[in-house]
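The values are calculated or read from the model by the stated rules, or taken from the named source; none is laboratory data. Everything numeric in this text was worked out from a predicted model, so none of it was measured. A quick note on method: Cβ atoms are made from the backbone with ideal geometry, for glycine too, and the neighbour counts reach across all protein chains shown. These area figures cover heavy atoms from the full protein model, side chains too; ligands, DNA and RNA do not enter into them. Shrake-Rupley method; radii C 1.70, N 1.55, O 1.52, S 1.80 Å.
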Amino acid sequence: MTAFPGVLLLGLENAIGLTVARELGGHGVPVHGIARSAASIGTASRHCTDWTLRPSGPIADWLPDLIDRTGAQAVLAVSESDLIELAALPPMIGDCHILVPRPEPLERVLDKLQTLHAAAAAGLRVPQTWQPRAGEDFAARAAQMRYPLVAKWANPPEIMAVLEQAGLEWIKTDYVRTPDQLVALLDRYTPVGRWPLIQQYCRGVGLGQMLYMQDGQATLRFQHRRLHEWPPEGGVSTLCRAEPTGSHHAQMALSEKLLRALDWEGQAMVEYRYEPDSDRYWLMEVNGRFWGSLPLARHCGADFAWEAYRRKVLGQTDAAPPPRDDLRARYMVPETKRLARILFAPGRIGDPFFRRRPLFDLASYLLAFIDPRARYYVFSRSDMRPWLRDMAQMVRKAVRRERR
């Protein structure tokens, strides 16, 4: 029987929460999940010791009782909304560590404009960015911009409720090719008097540098390159590969410098668009929660949840073992949707510079099944039930759609 204290994990609905449960459970840590549904894939994992259906109401109303009932000595969360609620709590409740960032650093990271200002001051290359404000001449400014542009919200968790109340859809990323398109996009949000950031489009590939920060120093580092995303023009990573440990060394130092400037503690991923031809790195954002490609980090032995647990709960200070850098990981459901869009609906791809290679993508998709370097976000031979549940849910959804 393990001597490790247990963990409460909020968020078992997706591959990220499943990965955190597998990682901690693989190290012998009892994981008590808090799930929004009994159908959550994480509750099916053999590494989820027990789980509770999430109570209604604010976390502060029910978490202390759950801590007392389970004897947990750590709380981890996956979603940004949960991080915001947990950050408002004390760093400890009794003997239990609330392993989330503090409110001030979290606010700076969630607000992309604050992050970009801090990055520029730290010497990182940031894309030209305009935050539209009420009273500006949008048409005149639109005529001066260099296209194409990308529109994205500075603080998504904060704006979502505002848009929903006004009956407006939250769109993660919009691509803008002309002044008329930009003016039309800005007009869309005039009823709420709030507008997304307008940012220069940066070519290149997605590069993520992950660090665990403690007392201003990185104790664990890992990096990966995004090969595919869903939707194809940018979004969730569906195929990624580990980058060699010795590459991007100077940029990794800048990533650590930025997190130090943000007074960040815990895990974070610093995301870039990297142009290999010019060797330029454009900062996109800092992801202060567990990120979508966390399964690749786990497969390579970069165990960020365990790093947080062992340092904060167990008080360990020895160096983490170096991770592998020769694997890649696939998120099969969105990876399959990506291929379908490239093959059958290329007109729906929003990125004006996306390079469509249908035959190459089809061959790569099929050959990856026999690639010895390939790993998967959900599928695991040693923990099959989450994958089986995921597949069963997909079939049920398809049947319901067909009946409708």
Check your understanding: From the square roots a ≥ b ≥ c of the eigenvalues of the alpha-carbon gyration tensor of the range 254-397, which class results: rounded (a/c under 1.5), prolate (a/b over b/c), or oblate?
Key -> oblate
Check your understanding: Any idea how far apart T190 and L367 come out in nm if each label point goes 7 Å out from Cα toward Cβ?
Key -> 5.2
Exercise for review: Please give every one of the lysines within straight-line cross-link reach of K397, meaning a C-alpha to C-alpha distance under 21 Å, and leave out same-chain neighbours fewer than 8 residues apart.
Suggested key: K337
Revision key, fill the gap. Distribution output for the range 31-124: share of Cα-Cα pairs per 10 Å bin in percent, first bin at 0, values 14, 40, 28, 14, 5
Exercise for review: Please list F369, F138, F290, F4 in order of solvent-accessible area, largest first, computed with a 1.4 Å probe with all protein chains present.
Suggested key: F369, F4, F138, F290
Exercise for review: Just check the chain against the gyration tensor rule for me: Cα atoms, a ≥ b ≥ c as the square roots of the eigenvalues, rounded for a/c under 1.5, and otherwise prolate or oblate depending on whether a/b exceeds b/c.
Suggested key: rounded
Review point. Of all DSSP beta bridges in the chain, what percent run antiparallel (nearest 5)?
Key: 70
Practice item. Mind jotting down the distance between the C-alpha centroids of the range 10-44 and the range 323-372, whole Å? Key: 27
Review point. Taking all protein chains as present, what is the carbon and sulfur share of the accessible area of the chain, in % to the nearest whole number, probe 1.4 Å?
Key: 53
**Study point:** Sequence of D361, D137 when ordered by accessible area, the most exposed leading, probe 1.4 angstrom
**Key:** D137, D361
**Study point:** the chain: angle of helix 112-121 to the longest principal axis, Cα-based, in degrees nearest 10
**Key:** 80
Exercise for review: Excluding residues on the same chain fewer than 8 positions from K112, give the aspartates and glutamates whose Cα lies under 13 Å from its Cα.
Suggested key: E158, E271, E285
Point to revise | Spin-label model distance (nm) - A319 vs Q131, 7 Å beyond Cα toward Cβ | key: 4.0
Point to revise | Relative contact order (%) - criterion: Cα under 8 Å, at least six apart; region: the range 244-294 | key: 29
Review point. Which length gain, in nm to one decimal place, applies between R348 and R404 when the Cα-Cα distance is subtracted from 0.36 nm times their residue separation?
Key: 17.8 nm
Check your understanding: Can you give me the relative contact order of the chain as a percent, contacts being Cα pairs under 8 Å and 6 or more apart?
Key -> 16
Review point. With the other protein chains left in place, how much accessible area per residue, in square angstrom, belongs to the range 24-128 at a 1.4 angstrom probe?
Key: 43
Revision key, fill the gap. The answer for the longest stretch of the chain without any exposed GluC sites (Glu not before Pro) (DSSP loop, at most 14 further Cβ atoms within 10 Å) is 170-404
Study note, to complete from the structure: Accessible-area order for Y147, Y201, largest to smallest, probe 1.4 angstrom, reads Y147, Y201
